[in-house]
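Q: Following this message is one structure expressed as structure tokens.
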Amino acid sequence: MTADLTRHPRRPAETRPRHEGAGVGGIRAVLVGVGAMNAIVARLLTEKGVEIVGAVGRSPEKVGRDAGTVLGLTHPLGVEVVADADALYDSVRPDIAMVATSSFMVDQYDVLATCARHGVNAITIGEELLFPWHTYPERTGELAALAREHGVTLAGSGFQDFFLVNQVAGLLGAVNRFDRLVGRESFNVDDYGAEVARDQRIGTTPEDFAAWQASSTRPPSFALPILAAVASSAGLTITGTTVELRPDIATGPIESRSLETVVEPGLLIGFTTVDTVTTGEGPILQMELSGHIYRPGETDRCEWTVQGDPNVRVVNPDVDTLRMTCTQMVNRVPDVINADPGFVTPADLPPLHYRPRPLNEYILARA
Ligand SMILES: NC(=O)c1ccc[n+]([C@@H]2O[C@H](COP(=O)([O-])OP(=O)(O)OC[C@H]3O[C@@H](n4cnc5c(N)ncnc54)[C@H](OP(=O)(O)O)[C@@H]3O)[C@@H](O)[C@H]2O)c1
């Protein structure tokens, strides 16, 4: 499938009114990262009438091949995986980039800044990018300014969007007062690609884990941006944060599909974090988040307890974290294109909506 540039001729981004073409002739998306998540996203985008006009990859084994083939889809996508995002954005002028590359601001800053400079909206599922205003305020401010300058929106999303941010924000909006919020969430590292396995330290020794835990360059936990987003949406001011880390050790040999290896007993199959956030207004927010290779019988866990007036608890048993990362990312596409320029988070966007029609039909006309 190639873009029909004669149907909707594109002017350079800086001279093109924002959203032009999206509502009329379909949304044109680029996949950034050709791994486990964008394999699912590509299928969903196609089902929702979004044209995939390019793909950005990194490793020599992927670059130069058809993106559909690399992603293991049933059909080629008709676009080659390229390494040069600048050249791709200049030539295909996409409406939005679907970013599924890495988890943290240090790795994603350039990816998102490149999108902004080329006038391309972007939605990322990088865990820190969900709500980077707490962990990396300066760089987030820079990205927001760049996005405004070029008239585009950069947005964080992912599984967290409804289940860990907006569901919780709604729950807090339903009580009179709360003293403590406690979340518990788990995911199977082996459902995802190698990037997640590396983040969760699969196959490392407990000694390596202890050294990494103590190092000043250890990235923030996946849970801290979630709690920061919830605090922001509840109008609470963070005054302090702590995190405890617990390694999860293999007791017998266990296969790591994503790393194509067997983790021997005594080595890590993941770890659990417990983040606690204190606020100036009083409530304490806490989240235990476990990412490890599941043993037989384990399923995803997602539950929240609010202690307050009154107490309330929601449990989402067996929620499909893997697919619901991608469904939420795709359903957010119109919200991101419709949003005002800048860096937005799920705490800023409207509630997620069911999207039965082609996604371009949800794009709002702009003067
Ligand atoms: N928020 C959520 O709900 C959620 C859920 C799932 C995953 N995630 C995050 O999403 C990210 C992707 O997950 P995944 O399972 O799809 O990982 P994956 O299968 O390892 O895929 C990541 C892909 O991105 C590529 N890549 C990395 N940096 C790049 C760069 N700068 N430019 C171009 N390509 C780059 C990798 O290239 P190579 O092939 O060369 O390595 C790989 O193809 C991870 O960071 C993960 O933690 C978030």
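Q: So how many residues does region 243-254 have that are touching a helix residue (DSSP H, G or I) at 6+ places or on another chain (Cβ under 8 Å) and either open to solvent by less than 50 Å² (accessible area, probe 1.4 Å) or over 30 Å from LEU172 (Cα atoms) (or both)? Give the steps one after another, and end with the answer.
A: Going residue by residue through region 243-254, those that are touching a helix residue (DSSP H, G or I) at 6+ places or on another chain (Cβ under 8 Å) are 243, 245, 247, 249.
Still in the running and either open to solvent by less than 50 Å² (accessible area, probe 1.4 Å) or over 30 Å from LEU172 (Cα atoms) (or both): 245, 247, 249.
Result for region 243-254: 3.
Q: Let me ask something additional. Looking only at region 174-213, which residues are part of a helix (DSSP H, G or I), more than 15 Å from the ligand (Cβ to nearest atom) and in contact with a Ser or Thr (Cβ under 9 Å, 6 or more places away or on another chain)?
A: Listed by number, the list holds a single entry, TRP212.
Q: Among the residues of region 95-147, which ones are over 14 Å from PRO225 (Cβ atoms) and acidic (Asp, Glu)?
A: The answer is ASP95, ASP107, ASP110, GLU138, GLU142.
Q: Additional query: Are any residues in region 117-133 under 18 Å from LEU349 (Cα atoms), part of a loop (DSSP other than H, G, I, E, B) and not small (Gly, Ala, Ser), and if so, which ones?
A: If the condition is that a residue be under 18 Å from LEU349 (Cα atoms), part of a loop (DSSP other than H, G, I, E, B) and not small (Gly, Ala, Ser), then ILE125, GLU127, PHE131, PRO132, TRP133 are the ones that fit.
Q: Go over the candidates GLU281, GLU303, GLU298 one by one and state the one that is assigned to a strand (DSSP E or B) and charged (D, E, K, R). Spell out the reasoning first.
A: Values: GLU281 fails: assigned to a strand (DSSP E or B); GLU298 fails: assigned to a strand (DSSP E or B).
Step by step, each of GLU281, GLU303, GLU298 is checked, and only GLU303 is assigned to a strand (DSSP E or B) and charged (D, E, K, R).
Q: Are there any helices (runs of 4 or more DSSP H) wholly within region 1-101 with 2 or more residues that are surrounded by fewer than 24 Cβ atoms within 10 Å (Cβ to Cβ), modelled with pLDDT under 95 and more than 14 Å from the ligand (Cβ to nearest atom), and if so which? If you could, list the steps in order and put the result at the bottom.
A: Numbers: elements: 22-25, 36-47, 67-70, 85-92.
Ranges flagged: 22-25.
Q: So which residues in region 229-242 are open to solvent by 60 Å² or more (accessible area, probe 1.4 Å) and within 21 Å of THR273 (Cα to Cα)? Write out each step before concluding.
A: Narrowing region 229-242 to residues open to solvent by 60 Å² or more (accessible area, probe 1.4 Å): 237, 239, 241-242.
THR239, THR241, THR242, listed by residue number.
Q: Then there's this: If ASP300 passes every condition in (1) at pLDDT 95 or above; (2) crowded, with 18+ Cβ neighbours inside 10 Å; (3) within 22 Å of the chain's Cα centre (by Cα) but one, which one does it miss?
A: Checking ASP300 against (1) at pLDDT 95 or above; (2) crowded, with 18+ Cβ neighbours inside 10 Å; (3) within 22 Å of the chain's Cα centre (by Cα), the one that fails is (1).
Q: Okay, next question. So if I check each of ARG201, ARG117, which one is surrounded by fewer than 19 Cβ atoms within 10 Å (Cβ to Cβ) and basic (Lys, Arg)?
A: On the way: ARG201 fails: surrounded by fewer than 19 Cβ atoms within 10 Å (Cβ to Cβ).
Just a single option satisfies the conditions, and that option is ARG117.
Q: Under 9 Å between Cβ atoms, which residue pairs at least 6 apart in sequence (or on different chains) link something in region 97-108 that is acidic (Asp, Glu) with a partner that is part of a loop (DSSP other than H, G, I, E, B) and open to solvent by 20 Å² or more (accessible area, probe 1.4 Å)?
A: Pairs that qualify, where the first residue is acidic (Asp, Glu) and the partner is part of a loop (DSSP other than H, G, I, E, B) and open to solvent by 20 Å² or more (accessible area, probe 1.4 Å), are ASP107/THR101.
Q: Please determine, by comparing only the residues of region 221-277 that are within 16 Å of the ligand (Cβ to nearest atom) and part of a loop (DSSP other than H, G, I, E, B), which one is farthest from PRO350 (Cα to Cα).
A: Filtering region 221-277 for residues that are within 16 Å of the ligand (Cβ to nearest atom) and part of a loop (DSSP other than H, G, I, E, B), the one farthest from PRO350 (Cα to Cα) comes out as GLU260.
Q: Right, something else. Filter region 336-356 for residues that are in contact (Cβ under 8 Å) with a residue 40 or more places away in the chain and of a type in the set (D, E, K, R); which is surrounded by the fewest Cβ atoms within 10 Å (Cβ to Cβ)?
A: From region 336-356, those in contact (Cβ under 8 Å) with a residue 40 or more places away in the chain are 336-347, 349, 351-352, 355; that's our starting set.
Next cut, of a type in the set (D, E, K, R) only: 340, 355.
On the way: ASP340: 11, ARG355: 18.
Here the answer is ASP340.
Q: Please find, among GLU298, GLU281, the residue that is of a type in the set (Asp, Glu) and under 28 Å from ALA250 (Cα atoms).
A: Working: GLU281 fails: under 28 Å from ALA250 (Cα atoms).
It is GLU298.
Q: Let me ask something additional. I'd like the full set of residues that are within 16 Å of the ligand (Cβ to nearest atom), farther than 16 Å from MET329 by Cα and open to solvent by less than 10 Å² (accessible area, probe 1.4 Å), limited to region 121-147.
A: Those that are within 16 Å of the ligand (Cβ to nearest atom), farther than 16 Å from MET329 by Cα and open to solvent by less than 10 Å² (accessible area, probe 1.4 Å): PRO132, LEU143.
Q: Touching a Cys at 6+ places or on another chain (Cβ under 9 Å) and either more than 28 Å from ALA122 (Cα to Cα) or open to solvent by 50 Å² or more (accessible area, probe 1.4 Å) (or both): which single residue out of VAL319, VAL315, VAL306 fits that description? Outline the logic, then answer.
A: Working: VAL319 fails: either more than 28 Å from ALA122 (Cα to Cα) or open to solvent by 50 Å² or more (accessible area, probe 1.4 Å) (or both); VAL306 fails: touching a Cys at 6+ places or on another chain (Cβ under 9 Å).
The match here is VAL315.
The values are calculated or read from the model by the stated rules, or taken from the named source; none is laboratory data. Bear in mind that the values here come from a model prediction, so they are computed numbers and not experimental data. Positions of Cβ are generated from backbone atoms using ideal geometry, with glycine treated the same way; all protein chains shown enter the neighbour counts. Protein only, heavy atoms only, side chains kept; ligands, DNA and RNA dropped before computing areas. Shrake-Rupley method; radii C 1.70, N 1.55, O 1.52, S 1.80 Å.
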